[in-house]
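The values are calculated or read from the model by the stated rules, or taken from the named source; none is laboratory data. Computed from a predicted model, the values in this text were never measured in an experiment. All Cβ positions, even for glycine, are placed from backbone atoms using ideal geometry, and neighbour counts span all protein chains on display. With ligands, DNA and RNA removed, areas are computed over all heavy atoms of the protein, side chains included. Shrake-Rupley method; radii C 1.70, N 1.55, O 1.52, S 1.80 Å.
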Amino acid sequence: MNVRTVTGDVEPERLGRVDVHEHLLMTTPALPGPGEALTEVADAVAEAALVRAAGIDALVELTTPGLGRDPAGLRVVSERTGLRIVMATGVQQDAHHPPGDPLRDATLEQLADRMTADLSEGVDGVRAGMLKVGTGHWSISALERRNLEAAAEAHRRTGAPVTCHLELGTAALEVLELLTDLGVAPDRVVLAHLDRNPDPGLHLEVTSAGAYAGYDGWARPKHFPDSTLLDCLLTVAAGGGAARIVLGGDIARRSSLRSRGGLPGMDYIPRRVLPRLRAQGGEALERLLLVENPARVLAF
């Protein structure tokens with residue numbers, strides 16, 4: 001079992017400290033305004049260099065095809081910075097694919113075949129290492145269900161893990177139940193944005209079932225301060241869920257890049273979150289969340 005990166009497969013124990021949710025190169029109609037798309041490889045290199053300098057060794061880039069995913073660009077970023085990058089394949093939630101998008105007309109089998117090819121053959125030799133899908137706010141549309149079914153089929157063929165975007169952390173158990181019914185074991189699932197609904201009881205249900213809780217809502221005080229997320233995380237860890245928590249930043253717009261003069265930057269987790277996590281939860285918990293848990297879920 002290895003972790004599949006854009007520069008080749010890596011043994012899990014060599015992966016290091018991992019940020020499991022970022023976007024280095026992405027464009028989508030869901031962005032808040034013009035000029036926010038992440039289209040420049042040079043910007044991605046500069047931001048990735050800051051992440052690497054802050055002590056992160058690997059990053060999961062969760063941009064899906066049709067939204068500006070750039071396999072060759074990601075390989076350049078990895079080669080120039082030394083940051084290991086895991087690329088995604090799949091289909092995002094409906095909101096990112098407006099009417100007329102050809103991905104809406106693809107059949108389940110076509111999507112599953114494309115995802116499988118991305119994982120096994122890649123694009124110009126750059127292979128994906130994660131399946132990514134998404135659902136809406138307390139909803140799973142017909143197209144989103146098709147995407148989940150296609151990702152489950154690609155998972156059954158390859159064993160690759162599945163990340164699901166949960167809008168504001170909703171429908172977590174419903175998505176997990178659906179994926180499980182489709183043959184995806186819970187310990188192969190990462191539920192992204194679960195912390196946008198900072199309910200430790202819910203998170204313990206998810207982690208007790210075996211799935212991974214994605215804490216990637218840091219630096220978003222208009223929703224919740226970091227203290228709320230950290231308190232929730234520590235409660236879940238103390239309740240037995242520590243081995244099923246992973247961390248990410250989900251930076252997805254140009255104005256958030258420190259390398260472009262923006263904030264909070266993709267290195268926010270190592271700069272701001274980890275010192276507080278270490279102080280309140282200890283170094284063993286930090287290692288579990290950053291090293292051991294990502295290595296376990298990303299390997300296939």
query = Here are R276, R271: which of them is surrounded by fewer than 18 Cβ atoms within 10 Å (Cβ to Cβ), on the phi < 0 side of the Ramachandran plot, among the charged types (D, E, K, R) and free of Cβ contacts under 8 Å to residues at least 60 places away in the same chain?
reply = R276
inquiry  = Tally up the residues in segment 28-54 that are modelled with pLDDT of 95 or more and either of a type in the set (F, W, Y) or surrounded by fewer than 24 Cβ atoms within 10 Å (Cβ to Cβ) (or both), please.
reply    = 14
task = Pick out the one residue from I251, I269 that is under 23 Å from G16 (Cβ atoms), in contact with an Asp or Glu (Cβ under 8 Å, 6 or more places away or on another chain) and in a loop (DSSP other than H, G, I, E, B).
result = I251
query = Does E79 qualify as being surrounded by fewer than 23 Cβ atoms within 10 Å (Cβ to Cβ), of a type in the set (D, E), within 24 Å of L298 (Cβ to Cβ) and in contact (Cβ under 8 Å) with a residue 12 or more places away in the chain?
reply = yes
query = Is at least one residue of segment 204-219 among the small types (G, A, S), at pLDDT 95 or above and open to solvent by 40 Å² or more (accessible area, probe 1.4 Å)?
reply = yes
remark   = Selection over segment 28-78 where residues are acidic (D, E) and under 24 Å from R104 (Cβ atoms) yields a count of 3
request  = Can you confirm whether segment 221-240 contains a residue that is closer than 21 Å to P294 by Cβ, of a type in the set (G, A, S), open to solvent by 10 Å² or more (accessible area, probe 1.4 Å) and not in a helix (DSSP H, G or I)?
outcome  = no
